[in-house]
Structure formats: C-alpha cells, structure tokens
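What follows is one structure encoded as structure tokens, with my remarks underneath.
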Number of protein chains: 2
Amino acid sequence: MLVHTINEVREQVKAWKKEGLSVGLVPTMGYLHEGHRSLIEKAVSENDRVVVSVFVNPTQFGPNEDYDDYPRDIEKDYDLCSDAGASLVFNPAPDEMYFPDRCTTVNVEGLSKGLCGAKRPVHFGGVCLVVSKLLNIVTPDRAYFGEKDAQQLAIIKRMVRDLSMDVQIVGCPIVREADGLAKSSRNTYLSADERQAALVLSRSLNKAKAAMEDGMRNASEIYKVISDEIASEPLAKADYIEIVDSETLQPVETVEKDVLVAIAVFVGKTRLIDNFTYRV
Amino acid sequence: MLVHTINEVREQVKAWKKEGLSVGLVPTMGYLHEGHRSLIEKAVSENDRVVVSVFVNPTQFGPNEDYDDYPRDIEKDYDLCSDAGASLVFNPAPDEMYFPDRCTTVNVEGLSKGLCGAKRPVHFGGVCLVVSKLLNIVTPDRAYFGEKDAQQLAIIKRMVRDLSMDVQIVGCPIVREADGLAKSSRNTYLSADERQAALVLSRSLNKAKAAMEDGMRNASEIYKVISDEIASEPLAKADYIEIVDSETLQPVETVEKDVLVAIAVFVGKTRLIDNFTYRV
C-alpha cells in the first residue's frame, strides 16, 4: 500500500499493533537500490509488518547541495518495496512533514562535528529531525539503517538512547557492486569514466584494511595509505579521510580500540562515501 | 505504585495499553501543591490511568540557579498523587534519566529566545529534553501542563507538533492562593514579609487586565501599568514584563490578537512568574 499522509500511517500501524503484530521501519530517500533492498529484506525477516518511508528530506541538504537534483522514482521504488515484502510505503510531500513555522531542532552535538558533519553543517540536524518524526509517526519496534552512512548510524543510535525512544536501531552491512563500489543512489550521477574512477574508494579502503591486518596501528600511516591511493586517481579528490573511535567518532592517533575508517571523495562533482569498521 | 526505573514504567504502560486503557501523564518536579493536584485530577477525569513523574530535572537549571535547593518531598508527593487518583508515580534518579556522555539536544528555537528564555538561556532546552524523554517513556495519550508556565506550554505544544509526537498536550488554568498568589513550589522560599510582597505579581496583572478590559491596547501603556505597580513594592524587582503574541511569543506593540501578558519578578532572592492571556 502506498500512502502520503501521516494519519494514514498512524491508522494502519495502530491496527497492526492492536493485532499484536511487530513493525519494522526502513527510512529512505528513495531511488532504491540493492542496499535498500537488503535493509527491507532484513526488516521483513525480523518483523510482522514493514514500513518503508520514501522522502527526500529537504532539511538534511545544505543550500548548495543536490536536493533538487536528487533522483526520484516512486513507482519503481514502490515495486521494489512490494517485491521485497514491505507492507506499506510512506511517501509524504514536504509540506506534510514540515510546517512553515517549524522551529524545533534535534541535534546529537558530540557526534556531528567531524566527518560528514564538518563538511555538511546542517546535514545531521536534518537527519535527526526527520528520523525523530518518522519514529514518532511509525512507532516501529525496530528501524534499519545502512552502515554505509556510518556517522548517521552512530548519531541515530545515540539520539534514540538519549531521548529514551523505545525502538531498536539495527545497522546493516554495506552492499557493493560486483567490482566493489558501495551501492548509492548518487552513483547514478557518474559518467562512465567517473564510474571507473569511483572504484578508488573501496580500493583505498581495502589497502588500509590489509595494512591494518598486517599490524599497522598508527593513524597517520593509515591515512597516508588511503590518501596516496586516492591521489593516484586523477578524477578523484578526497573530501575527508578519518580514523575515529567507532563509538565516540573522535579521531584516534593509534588504533587501540574498534575504529571507523571513513572517507568521502569527490569523483567529478559527485561526492561519494565509504567506510569500514576495524575491530581490534 | 512508586517506581524509579524507565523499564518499570514501560512495562506497566504496555500492560495497560494491552488492555485498551488510555494513559495520561502529568510531568512535575515534585513538591506538589494544589496546582499540580488540579492537573492530576483533570488527567484522572480524562484517562483510564494516570502517571505522575516527579523529577527535579538538572538540565533545565542554569549554573547559578536553585537546582540543589529546590524543595523535595517524595513521600508527601506520593500521598498527594495517590489521593488525587494517579496510578503510578515515576521518580527516577538523575543517572536513570541521563547518561554521562549524553549529547542530544532538543530546542524550540523560535519560541525560546524571549521571556524566561532570555533570562534562563539553558532552561527550555532542558525542558524540551526531559519532556521528550518522558513522552517517549510513558507514551501517554494526553499530557498535562500548567498555564502558569505559559512559555513552557507554548514550547511543548510546538515541539510535539514539529516532531510529530502522537500525544495531546492539555493546558490547565493557574491555581491561586486565596489572596491571589499563583501556587508555586518556590513560594516555600518566601519569608513572611516576602510572601506579602509577592502579591504584587497578581495585583499588577489584575490592574493590567482591568485596563485592557477598559480598552487599553498600547503595549507600552500596559507595560507601564504593571511596572509602576511592581515598583511600588520595595521587596520586589521586575525581571521581565512582556506583552507577546500568545502563539508566536513575539512582542506586540498593539493588542490586536490574543496576547500573553507575562511577568517574572524577584521577591527577595526568589524569582516568581505569573501571567494571563487576554483574548481579543
């Protein structure tokens, strides 16, 4: 079922809860790919009913970002959701989600300053706002997020804990193309040359991971492995390369606990992200 | 029943909801008086079960405010709640509510800058945080707040709307002592002389209301009626006197729509507030 209003979602979820059914939520911005499908399938396997939200959320885009250009295809999205076993697709218009005189903000301050937050200052405030709303609208038992957006996942986990929201946040592994590129709706922006060049993200991370498995612990050295690899690709330009504590997202000098190794790279004009968590 | 943990509240509320019972929440900082009792009684009249939270919330006190001195008496509070018909009293310790590495903030920016927010810069952020948590813990159908804290009530209504929280916020009239002083847990700080001087709050507001009923519409003139009256009381000192739009809380020059007339006054060292809404 495809619905566009908050009330329709609430009524359906209340009917399910009355029957004692569990509910999973997969929040997305649409233009769904195999990564999203893996989230939906996991949610379907763990809940009686699954809601997928498809909403290109304006509040998480900065003024010079790609809100208008972000790809949209609700019909194809709806088919994928149905095929993957979702029960409800929620596709609100922006004015269904936001009042003109909205003035409430939600921020996870300690985790939003570095990585993508440093480059996209309004981004995570918008993410927290829309995820808060979606959790309040759907009131799911579990909500599913991809590990590709590692900082987002850490922030949402912290927000849910700090605000005592009664929902389990489930992180799901990155899904990749056969050649290693992490699936992303933004991959659609890439020309053929750029598509090839974009492999530098996973390649540089694989080199870092191999070096760490061989015993490399100094963050500066790990940084250099990645930055050298990215520098070798003429169409690519690093936006950031970070080696941070996987929980606090604070930069580390030496790898002594679990770390998140996260990068953002411009390939042409398209900004792509990728990461892995290294467990000590 | 008196409980101290989030889990105990959640289990009890889930059991009630399974039975189809409606739930009301009355959030308080304890040291309950007749004003709180009126909230609890209204909640009891409108819901099958009522939860009262008693929590002196550290995050809504500034560094030089009266967090440590704020009066507490959980046994007396519990008796009043039971007597008024509440089913559950939730009295958490601060570390049950807040993790040491908490870093999530909730703010209603447009409504928090003036009035008490201008004088107590961290106050409403703390209120929004704790009320968000309490609403997420109790998941009530309705939550009850006193109109004495008029700015708080406006902020919470806006927060609930902006975050799509599925709860009805109910405002309840100010309860006063026989001589007009608005009931407040902080009245306990007053010496006998100060208690007498504190009548200047309701007296000055009554004069303003009478002037408005006689046709006064100019905010500066209304301001002067109140400030002259407060100035006549040697033990009192105005902290603010505001005539604002009752919804946006923005100052008005002329009363053309419903306005909130709100004051904060130091009586000795004790800061008291009072207000009325004038409906055009």
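Read the figures in this text as sums done on the coordinates, not as results from a lab. Quick caveat, the model's predicted, so the values are computed rather than measured. Virtual Cβ from ideal backbone geometry, glycine too; neighbours counted across all protein chains shown.
Observations
- About its Cα centre, the dipole of chain A is roughly 380 debye, where the only charges are +1 on Lys and Arg Cβ and -1 on Asp and Glu Cβ.
- Simple spin-label estimate for residue B:237 and residue A:191 in nanometres, 7 Å along Cα-Cβ: 7.0
- In this simple spin-label approximation, residue A:207 and residue A:99 carry label points 7 Å from Cα along the Cα→Cβ vector, and these lie 5.3 nm apart.
- Cα-only Debye scattering, the stretch B:183-280: base-10 log of I(q)/I(0) at q = 0.13, 0.25 Å⁻¹: -0.43, -1.25
- Measuring from each Cβ of chain B to the axis carrying B onto A, the nearest residue and its distance in whole Å come out as B:106, 3.
- Neighbouring Cβ atoms from other chains, within 10 Å of the Cβ of residues in B:134-142, number 2 on average.
- Of the trypsin sites (Lys or Arg not before Pro) in the stretch B:57-105, not one is in a loop by DSSP (not H, G, I, E or B) with at most 13 other beta carbons within 10 Å.
- The stretch A:6-75: C-alpha pair distances exceeding 17 Å, %: 54
- Using only side-chain charges placed at the Cβ, +1 for Lys and Arg and -1 for Asp and Glu, the dipole size of the stretch A:214-280 relative to its Cα centre rounds to 240 debye.
- Cα gyration tensor, the stretch B:55-102 - rounded (a/c under 1.5), prolate or oblate: oblate
- Per-q log10 I(q)/I(0), the stretch A:1-143, q = 0.19 Å⁻¹ (Debye; single scatterer per alpha-carbon; no solvent): -1.19
- Per-residue shielding of A:158-167, expressed as the average number of other chain Cβ atoms within 10 Å of the residue Cβ, stands at 6.
- Residues of the stretch A:126-153 falling in the label zone of residue A:22, defined by backbone nitrogen less than 16 Å from a point 7 Å along Cα to beta-carbon, are A:139-145.
- The sum of -39500 (n - 2.57) across all DSSP H runs of n ≥ 4, divided by the residue count of chain A, sets its helix-only mean residue ellipticity at 222 nm to -12000 deg cm²/dmol.
- Sorting the segments A:59-68, B:127-136, A:89-98 by their mean number of nearby beta carbons within 10 angstrom, highest to lowest, gives B:127-136, A:89-98, A:59-68.
- Exercise: per-residue mean of other protein chain Cβ atoms within 10 Å, A:109-115: 2
- Inter-copy label distances at residue B:231, shortest first and taken from points set 7 Å along Cα to Cβ: 7.1 nm.
- Ranked by how many other beta carbons lie within 10 Å on average, peptides A:47-56, B:176-185 from highest: A:47-56, B:176-185
- Working note: Karplus 6.51/-1.76/1.60 with θ = phi - 60° gives the stretch A:233-243 the couplings 10, x, 7, 10, 9, 5, 8, 8, 9, 10, 10 Hz, where Gly and Pro are set to x.
- Annotation: amide H-H contacts under 5 Å for residue B:2 (H modelled 1.01 Å from N, sequence separation of 5 or more, or interchain): B:89.
- For chain A, the alpha carbon positions stretch 55, 40, 39 Å along the principal axes, listed from largest to smallest.
- For the protein assembly as shown, the fraction of alpha-carbon pairs lying more than 29 Å apart is 60 percent, rounded to a whole number.
- Derived scalar couplings ³J(HN,Hα) [the stretch A:103-119; Karplus, 6.51 cos²θ - 1.76 cosθ + 1.60; whole Hz; x for Gly, Pro]: 9, 8, 10, 10, 9, 10, 5, x, 10, 9, 7, x, 6, 4, x, 5, 8
- For the stretch A:151-280, size of Cβ-based charge dipole, Lys and Arg +1, Asp and Glu -1, in debye: 320
- Between the listed residues A:159, A:94, A:136, the Cα displaced farthest toward the positive end of the dipole of the stretch A:2-172, a dipole computed from Cβ unit charges relative to the Cα centre, is found at A:159.
- The orientation-averaged projection of the convex hull spanning the C-alpha atoms of the stretch A:66-188 amounts to 9.1 square nanometres.
- Max mean-square fluctuation residue, GNM over chain B, Cα-Cα springs under 10 Å, options B:80, B:21, B:163: B:163
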